[in-house]
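We did not get these values from a lab; they are worked out from the coordinates using the rules stated. The shown structure was predicted, so the numbers you read here are calculated from the model rather than taken from an experiment. Here Cβ is always computed from backbone atoms with ideal geometry, including for glycine, and neighbour counts include all displayed protein chains.
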Amino acid sequence: MNATVAPASLPANKPDSRLALKDTGPSSHKAGATRLSLGPLLYYWSREDTLAFYEEAAGWPLDSIYLGETVCSRRHLLRLSDWLELAEKLTAAGKEVVLSTQTLIESESDLKALRKVVADGRFLVEANEWGAVRLLAEKGAPFVAGSTLNAYNPDTLALLAEMGATRWVPPVEMPRDMVKAMLASTAVPERMETELFAYGRLPLAFSARCFTARRHNLQKDDCQFRCLDHPDGLTMRTRESEDFLTINGIQTQSAKVMSLAHRVDELRTAGIDLLRLSPQSRHMGRVVEVFRALLTGDIAAATAPEKLDKLMPGLPCDGYWLGEAGMAYHPM
Amino acid sequence: MSALLELICPAGSLPALKAAVDNGADGVYLGLKDNTNARNFSGLNFDAKALAEGIRYAHNKGVKVLMALNTYPQPDTVSRWHQAVDTAATSGLDAIILADPGLMAYARKVHPNLRLHLSVQGSATSYEAVNFYRERFGIQRAVLPRVLSLPQVENVVNNTDVEIELFGFGGLCVMVEGRCLLSSYACGDSPNTFGACSPGHAVRWQQTPKGMETRLNGVLIDRYADDEKAGYPTLCKGRFDVQGETYYALEEPTSLNSMEMLPEMARLGIAAIKIEGRQRSPAYVAQVTQVWRAAIDAVKKDMAAFKPGSFKPEAAWMAQLNKVSEGSMSTLGAYYRPWK
């Protein structure tokens, strides 16, 4: 792919050494085989499309699948009972299933839904805010600490471990040097697994306001579920037609697609246990296959951008991993 | 008696602190000159000398001083945040405002008598989250993100012992604070780690044949016709194109002004009202503090006289606040549900 580095996005004070590919040292954490996970579906699709997607996903070379609605409590085409039924099926298909919880809790009914997920107890749960952490810790259930818990330092990650987290997802803006420093810290238990957001449009922000409803001049409480019309979100362009962000209900995502496919070798040595691939409406199975082939060594990392080019809903970016603007991109 | 509608005002500098104190603040909040707080802008904030002078000035007039240490410490520089907590503990501050649980653990362990507030940057929107910080670190107050409607705020208040502080006036974050990475996506620096959104070093203003353009690290945030007043390129308040229509896709340049809801906030037992604006001038702080002091006093007087519902913000107050609002506009934000 003819990928370009956004030239204006490199502040003069950032040293070129940030672009160095060489690993800066071994992680103290174990180096098992890197696994692949499918992140929670961030968009709102019809019931049929959602079920069909997961039916296919059961056959993809994935290790873990995250299920559940994490963005908007108004999205109801799949109820918890439906997600649990899917969870059983996917478990039977050999996948580890994780139930992911809502990121922005506003009301008592949001809490009620959260408590039900925690109470079920059959599956690992991903906590995306600290109320969920409290409930899971009370129950003594192990959990995945989601990226929005903002574990930016070893003390906070150690606290999460103490409360029952067995896996964490770094904030999506965390650069590799910081991830490595986290894993090198003696405060972080050896058994803590690290799952990195490695592919997909980046979830960047959450709001009380629904921007999709706003686009259609509707109020959130009467949104007419217009998210259903936008299976990969609504692109927000600058006034000079640069794809900048993606509107997805109350969530704002990047317009570019974060991809660390060309950096899998480096991710492995950095001690990353799982690579999270975020669902998109088309070609998801093929994206998973590319990542699997990268991990097994069947294709070379350098060829990844070319393989993914036609499968991606936007241009690639990897700037966050390099400690730069998230939208920047450095093909190898 | 527990706190009710304390007026907490921004102090980005010593003159601003004095302006707040002199015009009726019950408390001021400030930060140090580095990325340990979420208003890390050049020319703002306090060094050791200004801090000592500020605390002396405020305490002489019975006004509390709170320190915001509300960014997220990072592995290689955690000690900077620890030192800031130590400074706060030994300088006689009344409370520190924190977002990071790891830092709270440190403060609790090393300075058990230091009063802790949960920052808005901690993103706690439910009582389950607020109570987590209470149980674990003994926080005494939580500042709620500007995303809840008043009935949702009431549900939090009714289910926790923690005092609740709400934003009353000033710049409006449309996103949940602490959960917004738009700035770092565009320019590499986010509020969480760098302590600033859309920081000055990434901003460019350029007059072009098409109009005045504002950019953030090269990304066009907005373009203004000759008869439009150009605003700071905070990236959630620019005009963008969605499906061929150009509009304020996320939010207009507008300020939050919740003054008309003060009686309701009093009824809910809201402990404190926060005024945003550490990056604003001492003159702004003086004006806004004066108006809000008068409004809060009026509400409390009505309550004392059992005359609920009689409070109406005076037109002159609102006019004065609108003058200093972003884009000269204001909104009730999420407190008023249809805004969402």
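Quick one: Cα centre-to-centre distance for segment B:1-25 and segment A:208-226, in angstrom?
Result: 38 Å between the Cα centres.
Determine the percent antiparallel among the DSSP beta bridges restricted to segment B:117-240, to the nearest 5.
70
Using a Gaussian network for chain B with springs between C-alpha atoms less than 10 Å apart, which of these wobbles most: B:ASP26, B:ASP227, B:ASP86?
Per the Cα network of chain B with a 10 Å cutoff, B:ASP227 tops the list.
Connecting C-alpha atoms closer than 10 Å in a GNM of chain A, tell me which of A:GLN224, A:GLN253, A:GLN102 has the biggest fluctuation.
A:GLN224
Given an 8 Å cut-off on Cα distances and at least 6 residues of separation, report the relative contact order of segment B:182-247 as a percent.
About 22 percent, as a whole number.
How many angstrom lie between the C-alpha centres of segment B:285-324 and segment B:171-246?
33
Label point 7 Å out from A:SER73 along Cα-to-Cβ: which residues of segment A:188-216 have amide N under 16 Å?
Backbone N within reach: A:207-210.
Please average, across the residues of B:233-242, the number of beta carbons from any other chain that are within 10 Å of each residue's own beta carbon, and give a whole number.
Mean inter-chain Cβ contacts per residue within 10 Å come to 4.
Need one number: % antiparallel among DSSP beta bridges in the protein assembly as shown, to the nearest 5.
Percent antiparallel among DSSP bridges in the protein assembly as shown is about 40.
Along segment A:288-297, what does the Karplus equation 6.51 cos²θ - 1.76 cosθ + 1.60 (θ = phi - 60°) give for ³J(HN,Hα), rounded to whole Hz, x for Gly and Pro?
4, 4, 4, 5, 4, 5, 5, 5, 7, x
For peptide A:140-151, compute the average count of partner chain beta-carbon atoms within 10 Å of each residue's beta-carbon.
The mean count of partner-chain Cβ atoms within 10 Å per residue comes to 2.
Antiparallel as a % of all DSSP beta bridges within chain A, to the nearest 5?
Restricted to chain A, the bridges split so that about 35 percent are antiparallel.
Could you tell me the relative contact order of chain B? Use alpha-carbon pairs under 8 Å, at least six residues apart, and round to a whole percent.
So the answer I get is 21 percent.
So for A:THR50, B:THR77, fewest C-beta neighbours within 10 Å to most, what's the order?
Details: A:THR50 20, B:THR77 14.
With the fewest neighbours first, A:THR50, B:THR77 line up as B:THR77, A:THR50.
Sort B:320-330, B:213-223 by the packing proxy (mean of other Cβ within 10 Å over each peptide's residues), most packed first.
B:213-223, B:320-330
Can you give the average number of partner chain beta-carbon atoms within 10 Å of each beta-carbon in peptide A:206-217, as a whole number?
6
Pairs of Cα atoms under 8 Å, at least six residues apart: use those to get the relative contact order of segment A:213-255, whole percent.
Computed value for segment A:213-255: 26 percent relative contact order.
Determine the calculated [θ] at 222 nm for chain B from helices alone, applying -39500 (n - 2.57) to every DSSP H run no shorter than 4 residues and normalising by the residue count; nearest 500 deg cm²/dmol. Each step should come with its number before you reach the end.
On the way: 10 runs with 109 residues, N = 340.
After summing the helix terms and dividing by the residues of chain B, the value is -9500 deg cm²/dmol.
Between the alpha-carbon centers of segment B:43-102 and segment B:264-284, tell me the distance in whole angstrom.
19
Would you please state the base-10 log of I(q)/I(0) at q = 0.17, 0.20, 0.22 1/Å for segment B:182-247, with intensities from the Debye formula using one equal scatterer on every alpha carbon?
Ignoring solvent entirely, the Cα scatterers give -0.59, -0.78, -0.90.
With springs only between Cα atoms under 10 Å apart, run a GNM on chain A and tell me which of A:GLU108, A:GLU88, A:GLU96 wobbles the most.
Evaluated over chain A, the most mobile residue of the options is A:GLU108.
Any idea what the dipole of segment B:182-247 comes to, in debye rounded to 20, about its Cα centre with Lys/Arg Cβ at +1 and Asp/Glu Cβ at -1?
The calculated dipole for segment B:182-247 is roughly 140 debye.
Beyond a 21 Å Cα-Cα separation, which of these cross-linked pairs lie in this structure: A:LYS256/A:LYS307; A:LYS220/B:LYS323; B:LYS61/B:LYS312; B:LYS274/B:LYS307; B:LYS64/B:LYS301; A:LYS256/A:LYS310? Provide the component values of the computation, followed by the final result.
Numbers: A:LYS256/A:LYS307 17 Å; A:LYS220/B:LYS323 30 Å; B:LYS61/B:LYS312 29 Å; B:LYS274/B:LYS307 25 Å; B:LYS64/B:LYS301 23 Å; A:LYS256/A:LYS310 14 Å.
Exceeds cut-off: A:LYS220/B:LYS323; B:LYS61/B:LYS312; B:LYS274/B:LYS307; B:LYS64/B:LYS301.
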